[in-house]
1. Does R105 satisfy the criteria of being closer than 24 Å to N159 by Cβ, charged (D, E, K, R) and either open to solvent by 20 Å² or more (accessible area, probe 1.4 Å) or within 18 Å of the chain's Cα centre (by Cα) (or both)?
2. Quick one: in the stretch 11-54, which of the residues that are of a type in the set (S, T, Y) and within 16 Å of E114 (Cα to Cα) is most open to solvent (accessible area, probe 1.4 Å)?
3. Would you be able to tell me the number of residues in the stretch 213-239 that are in contact with an Asp or Glu (Cβ under 7 Å, 6 or more places away or on another chain) and not in a helix (DSSP H, G or I)?
4. Please work out which residue is nearest to G72 (Cα to Cα), limiting yourself to the stretch 109-142 and to residues that are in a loop (DSSP other than H, G, I, E, B) and open to solvent by 50 Å² or more (accessible area, probe 1.4 Å).
5. Among (1) modelled with pLDDT under 90; (2) part of a helix (DSSP H, G or I); (3) over 24 Å from I152 (Cα atoms); (4) open to solvent by 80 Å² or more (accessible area, probe 1.4 Å), which single condition is R242 missing?
6. Residue pairs, Cβ under 6 Å, 6 or more apart or interchain, first in the stretch 209-236 and under 20 Å from S144 (Cβ atoms), second modelled with pLDDT of 95 or more and of a type in the set (F, W, Y). List them.
7. Do any residues in the stretch 135-150 that are free of Cβ contacts under 8 Å to residues at least 60 places away in the same chain have Cβ atoms under 6 Å from those of residues that are part of a helix (DSSP H, G or I), where the two are at least six apart or on different chains, and which pairs are they?
8. Could you run through the stretch 143-191 and say how many residues are surrounded by 20 or more Cβ atoms within 10 Å (Cβ to Cβ) and over 15 Å from I212 (Cα atoms)?
Amino acid sequence: MYLRKDFKEALDGQGSFEQVMSIQGEVYRDVAGRRTLRFVRQGKGYFLKIHSGVGWKEICKNLIQLRFPVLGAQNERLAIRRLKQLGLETMQIAGYGKKGWNPARQRSFIVTAELPETVNLEDFCGQWSRKPPSTPRELSLKRSLIHQVAGIARKMHENGINHRDLYLCHFLLDRRAVNIEPLSAVIKLYVIDLHRVQLRRYTPQRSVVKDIAGLFFSSMDIGLTSRDRLRFMRAYRGKPLRQILERDVRFRKKVYDKGIKLYHSVYGKHPESPAMTSTMSGKTFIAKSAR
């Protein structure tokens, strides 16, 4: 077990495993084997993720699907450490603990410090569909965010990391940096919710497609233009646009199909934009799939 000094002091210097596991607060998520809550100690906010054991059924299901099961908080701890090694902004660990040898009943926790003055990109960018960026500063901010999200995804995938839940809501924007010049030099985006992250020497193509499709899905209703999507693909692939249009046909089609399928499974319908519901050929994917 590890407790950061200031966090341990906030627990009156005790900080036993059971004390941390019994902390109460505002529950954000409560699913089988995992609970996430927010609490405050000495004026500081923290998030506690408790893993109470996944069970043999879940372990067997993952193994049958040739996936290594996420047994507890250890996976998120390793993911945070790896992202920091790559220079990517993410959560700060305030505490971590694990107890038990039985993989199906292992109990663990991870405590991360709250990131103040942040907003997730799903909420921040959601206003663009109603009020598209129009001033030079607003347009510059939008383009900077597109390039930064693409750069983060690219760096992760090039270093054997795939998120598995790569949606806009899992990027937190530091509000304080938005009002500083120049924008591109100071914008901070934190990647969060890393408990399902996979760490390998090489990121398989199917995992890359899943991550980028997640971004595509979560950006369908925020009012992006065709040029915005072209900017993302150019920044993510790191190639001239002509090469992307001519050589990445299959990749773009896979991303589109998976993103549309996900949208339909969540909302029970296709995206409302005519461009989104059009039949896509590989070369028209980027332009036609933009809103």
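1. Answer is no for this residue.
2. Among residues in the stretch 11-54 that are of a type in the set (S, T, Y) and within 16 Å of E114 (Cα to Cα), the one most open to solvent (accessible area, probe 1.4 Å) is Y28.
3. Residues meeting the conditions: 0.
4. Result: E114.
5. (3)
6. S218/Y167
7. If the second residue must be part of a helix (DSSP H, G or I), the pairs left are S140/L183; L141/L183; S144/L183; S144/S184.
8. 4
The values are calculated or read from the model by the stated rules, or taken from the named source; none is laboratory data. Small disclaimer: the values here were computed from a predicted structure and weren't measured. Every residue, glycine among them, receives a Cβ derived from its backbone with ideal geometry; neighbour counts consider all protein chains shown. Ligands, DNA and RNA are excluded from the accessible area calculation, which covers all protein heavy atoms including side chains. Shrake-Rupley method; radii C 1.70, N 1.55, O 1.52, S 1.80 Å.
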